[in-house]
Amino acid sequence: TAASAAAPVPELLPRPPAGFHGRGAELAELTRLTRGSAEPAQGGSGGYPQEGGIALLTGPAGVGKTGLAVHWGHAQAAAFPDGRLFADLRGFSGGEATVPAEVLREFLLALGTPAEQIPTSTEAASALYRSLAARRRLLVVLDNAGSSAQVRPLLPGGPHCATLVTSRSRLDGLIATDAARPVRLHALGTEDGAALLGALLGPARVAEDPEAARELVALCDGLPLALRAASAQL
């Protein structure tokens, strides 16, 4: 059953990326793996996650994992009426990675736990978090994960929750012990890359010189982050 109407509905997702384009197959695969959809079936729980699905989105730096995860999360709002949680785990950001205790505190606050009632130990905080999520339909997006150990305390575990993890690494431990299902994200093709440039620069500008647009996509290796940086320069 859904959480009480009095319970807070957290919305921690960042703003959706501007000019998002393509990735139809990957978006459909994420929906299939997490067993969610934009609309529940009439008169039942169909369309909602049924087994606490975990999808693992992997790919190289700049390929657009975060943008895809955030875009998909916003599109799935109706499937998760009890809220959407998001955390940047900074596993590959060059500095110190986010420790699970920090994320658990933010999640528990977002779920309505008073600050003075949040346990100090990671294990106890994780247990409380799982208890609060057990009867809710939540989406949890764990971005830029560095290891399976960093992710495990943050898994909600509720049968109607879904978790989307992004990482540059294929987290084999999460696949082996937590049944995470991997989705590999590749660079954009020429046409999708040119369409992204059109969304960022305006379609008329790309249409004026389509060959230059295709060349720019090739120079950027089809990486959305590189294409956005080039568009900013232009």
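Return P(r) of segment 71-185 (all Cα-Cα pairs; 5 Å bins starting at 0; whole %; ordered from short to long distances).
2, 12, 22, 24, 22, 13, 4, 1, 0
Tell me, what is the per residue accessible area of segment 114-225 in Å², probe radius 1.4 Å?
Ligands and nucleic acids excluded, the figure is 47 Å² per residue.
Mind sorting out which of (1) 63, 57, 41; (2) 59, 46, 32; (3) 62, 53, 32 is the real Cα extents along the principal axes in Å computed from the coordinates?
Derived directly from the coordinates: (2).
Counting only other residues whose beta carbon sits under 12 Å from that of GLY62, what net charge do I get with K and R as +1, D and E as -1?
On the way: positive: LYS65, ARG168, ARG228; negative: ASP221.
In short, +2.
Give me the distance in nm between label points sitting 7 Å out from Cα along the Cα-to-Cβ direction at LEU219 and ALA124, one decimal.
Label-label distance for LEU219 and ALA124, simple model: 5.8 nm.
Roughly how many percent of the accessible protein surface of the chain is carbon and sulfur, given a 1.4 Å probe and a whole-percent answer? List each step's numbers first, then the result.
Details: 5890 of 10950 Å².
Exposed carbon and sulfur together represent 54 percent of the surface.
Between ARG170 and ARG184, with labels modelled 7 Å along Cα→Cβ, what's the label distance in nm to one decimal, could you check?
So the label points at ARG170 and ARG184 sit 0.6 nm apart.
Per DSSP helix of 4 or more residues, -39500 (n - 2.57); summed, then divided by the residues of the chain. What does that give at 222 nm, rounded to the nearest 500?
-11500 deg cm²/dmol
The values are calculated or read from the model by the stated rules, or taken from the named source; none is laboratory data. From a predicted model like this one, the values you see are computed outputs, not experimental measurements. Here the Cβ is made from the backbone with ideal geometry for all residues, glycine too, and neighbour counts use every protein chain on show. We work out accessible area using only protein heavy atoms, side chains counted, and drop any ligands, DNA or RNA first. Shrake-Rupley method; radii C 1.70, N 1.55, O 1.52, S 1.80 Å.
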